[in-house]
Amino acid sequence: MTVEDSGDVDDAVAFFFFHELGHCLIDAWQLPATGREEDAVDQLATLVMLDGTPEGVDMVISAAIFFDVVSASTSPEDIAFWDEHSVDQQRMYYTLCLTYGSDPVKNKGSVASGYLPKQRAERCSQEFKRIDGAWNKLLTPYLKVQ
């Protein structure tokens, strides 16, 4: 995977916008996060961008590419295992997993290309449903239906 054009960079920036917005929501609405908050807001950013459009999928894939590029440029001795964020390679796989799990038929390319191992992909649909349901339950009291 490589970042090929400025659209990919813009898409990755959008991911981080939603990631930071997730921190704001957790703080302002005092939402619970029972794991690492950083992982939770990565989930939210992914779910928001996976809006059912091909563009949304492309945007999330751009974020995964970003994590892959950063991971490849980090030497093993510089990996901050103590950091509150998951390791960039883990963030890439988790983002790809949620994307694949949102629609395995449409998003089979990440498995077919070998970026998302089949062993990991087997659980992605269930993980997506669980994460999507959890965020919907957390946010429903704050959303206005029009």
Charge dipole (segment 18-146, unit charges on Cβ, about Cα centre) - positive-most of H19, G133, S86: G133
10 °C / 1.306 mPa s Stokes-Einstein diffusion coefficient of the chain, Kirkwood radius on C-alpha pairs, µm²/s: 101 µm²/s
Segment 16-46: chymotrypsin sites (Phe, Trp or Tyr not before Pro) in DSSP coil with no more than 12 other Cβ atoms inside 10 Å: W29
1.4 Å probe accessible area per residue over the chain, in Å²: 60 Å²
GNM flexibility winner over the chain from L25, L96, L116 (Cα, springs under 10 Å): L25
Free-standing Cys residues across the chain, given no other cysteine C-beta under 4.7 angstrom: C24
Area accessible to solvent at S113, 1.4 Å probe radius, in Å²: 70 Å²
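May I ask you to list, by number, the DSSP H helices of the chain whose Cα span along the axis is at least 20 Å and whose average Kyte-Doolittle hydropathy reaches 0.0 or more?
Numbers: long enough: 6-28 (33 Å, 0.61); 54-72 (27 Å, 1.29); 88-102 (21 Å, -0.63); 124-139 (22 Å, -0.57).
Those that clear 20 Å and a mean of 0.0 are 6-28, 54-72.
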Gaussian network model of the chain, springs between alpha carbon atoms under 10 Å - residue of V105, V60, V69 with greatest fluctuation: V105
Computed [θ] at 222 nm, deg cm²/dmol, the chain (DSSP H ≥ 4; -39,500 (n - 2.57); rounded to nearest 500): -20500 deg cm²/dmol
Average projected area [Cα convex hull, segment 12-82], square nanometres: 5.6 nm²
Candidates T95, T46, T34, ranked by Gaussian network fluctuation over the chain, Cα under 10 Å, top entry: T34
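The values are calculated or read from the model by the stated rules, or taken from the named source; none is laboratory data. If you're wondering where the values come from, they're calculated on a predicted model, not measured in any experiment. Cβ coordinates were reconstructed from backbone atoms using ideal geometry, including for glycine residues, and neighbour counts include every protein chain displayed. Heavy atoms of the whole protein, side chains included, go into the accessibility calculation; ligands, DNA and RNA do not. Shrake-Rupley method; radii C 1.70, N 1.55, O 1.52, S 1.80 Å.
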